[in-house]
Structures are given as C-alpha cells and as structure tokens.
Amino acid sequence: MKIKGRSAALDDLDWRILELLQENAKQTYTKIGHLLGVAHSTVYDRIKRMEEYGIIKKYGAVIDLEKVGIKSITAFVTVYTDPKESGNIAEKLAEFNEVLEAFTSFSEELVIIAKVVAGDQGQLHSFIAQSIAPLPGVLRIRTSIVTRKYKEEPFRTGLNYNSPRKRGRRV
Amino acid sequence: MSVSPSPSRILRNLLRNEAFYFFTSIGNYTGQHADSLREFMQKIGEIDVKSLEFHLYREDFEKWIAQTLGDARFAAEIRNLRSRKVAGNLLREQLYNVVSRRYRELRGKMSFKVIT
C-alpha cells in the first residue's frame, strides 16, 4: 500500500486480502496467507495498515432479522427539498436510527433518497409524518415500499477497475 | 369529568411538530400542512380529495383534533362523519361543513380578538 496524498494505492495483494475478508472477515491470517501463498505475518501487516488508514472501516455481523423473529419493512423515501436546506435535511435524516442510508441526488430536482426501515407500514408512516415532513425545507415526499429483495451486497473489491487484477481481466 | 380547553387554545397557532401534514398514502406527503384549525379548514377546500379519504379512514383527523387541539367534542363529530363512509367531493363538502361550523362556534366564544 502506497500513500498518495489523501488516498492510498493498493497493490494486488491488498485487493486479494480485502476480497477474502469481504467473503469472511473471521478467517485467520494463517488461512488467508495460505490461500494467497504469503506468510501470515505479511497478511497481518497488510490488514493492520489498512485498518489504521481507515480503508477497512469496520467489521460487523449481518443479522437475519426474520430468524430472530423481528418483522420489518424497508422503504426508499425520496424527499424533495428547498435546495438551500438540502444539506441540513440530509444531515438530520442521517441521525435517525430508522434511516439506514441517506444520499443527496440530482436529476431534474435536488432530492434526498433515504433507505428507511420500520416495524410495519403504520410505524413507517408515523416516522415520516412526525420526523421527516416537519423538517424545515421539506417540499414533498414520495415513498416506495420494498416488496421483495433480489440482491443486497456491499461494495465488492472485484468492482474496482483500477486494480491490477481487474485490468488484466477480459470483460 | 374532563375539562375542555378554551377556544383560544383550540384556535392557537401550532408548532411545526404539532401541525397536520397531509399525505395521499403511506409515506407520500403532499407538501401541504396546517398550522392551525383555521388553516386546516382552508386546506380541506383545496387539498387532493385522496388525502382527505386517506386521513379520515386512518382516523388521523380525529386523533389530531383530540390529542393536539384537545377538542374531544369536535373529534366525536369527525368520528361520526367517518361512520357515514362518504368519499370524494361529498366527503370534502361534509368535512368542510363540520370543520367550518365548529370553527365559527369557537370564534364566537372567544372573549377577545384572535390574531389570524
């Protein structure tokens, strides 16, 4: 890993380590080293540097809510805003536990798109009516409730078109 | 015995988090809200009738009137309207009549001038 200003340039080994960690963050340095043909101490050093530099932001557990008996619904909420208030509204939304992700976006109008989770439709509506609609600068809101999920993955290292491995690949 | 709040309290200007926000369905906010009973009455005349149907049959109007404005008698009148299962422009007309009648009644009881 080489530091270039505020960003870091990863080499092929770094990318391969990240790929394996994304598949299973609990596997040992020894196992990763074995899979990649390098010493476990090399893997340790690489991971530590990527953690220290904030490239690896955190490790977490993905919980299957249905298996623990928690029913929930997910919705994508599009908030049309006064452009002057857009940043404030997005920051406010990001503070709520119900909001899993929030983005500002621009197509024909400046909007905020938030992924929101709630126990049921009633709770979703109450959250939007009581916590989002009253925020200063909210012009209107459109909500799409997710009926079925086909895919949900974080960013995969294989999507990096700058990595040496990806450049060598035929698409 | 519960004590009814004064007409001036029911007719007061509300804070942002007390206002009524008009939606047409779950999570779909029209951008229209009412900061007072007077404004609520005005909005009934112009808001998409789908919004009136949505809120009436979710019991949102009667809950807001009882819990935020504190007018239990008025909430009962709205509940009575809901039980008649009216829809469309007939609902708009009847809702407007109920709200405007109560608004005029409260204004008449005011012992001092309301700033509107």
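Key figures
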quantity: One residue from A:88, A:97, A:160 being loosely packed, with under 11 Cβ neighbours inside 10 Å and either of a type in the set (S, T, N, Q) or modelled with pLDDT of 95 or more (or both); calculated: A:97
quantity: Meets criteria (under 14 Å from the mean Cα position of the chain (by Cα), within 14 Å of chain A (Cβ to nearest Cβ) and either of a type in the set (Phe, Trp, Tyr) or farther than 19 Å from residue A:131 by Cα (or both)) for residue B:39; calculated: no
quantity: Scope the stretch B:41-91; condition more than 17 Å from residue B:21 (Cα to Cα) and in contact (Cβ under 8 Å) with a residue 24 or more places away in the chain; matching residues; calculated: B:70, B:71, B:72, B:73, B:74, B:77, B:81, B:82, B:87, B:88, B:89, B:91
quantity: Helices (runs of 4 or more DSSP H) wholly inside the stretch B:2-116 containing at least 2 residues that are in contact with a strand residue (DSSP E or B) (Cβ under 7 Å, 6 or more places away or on another chain); calculated: B:37-46, B:49-57
quantity: Strands (runs of 3 or more DSSP E) contained entirely in the stretch A:83-149, each with at least 1 residues that are at the interface with chain B (Cβ under 9 Å from one of its Cβ atoms), over 20 Å from the mean Cα position of the chain (by Cα) and touching a residue at least 12 places away in the same chain (Cβ under 8 Å); calculated: A:138-145
quantity: Within the stretch A:10-34, tally of residues that are within 21 Å of the chain's Cα centre (by Cα) and outside any helix (DSSP H, G or I); calculated: 4
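The values are calculated or read from the model by the stated rules, or taken from the named source; none is laboratory data. Just so we're clear, the structure is a prediction, and the values are computed from it rather than from any experiment. In this analysis, Cβ positions are derived from the backbone assuming ideal geometry, glycine residues included, and neighbour counts consider all displayed protein chains.
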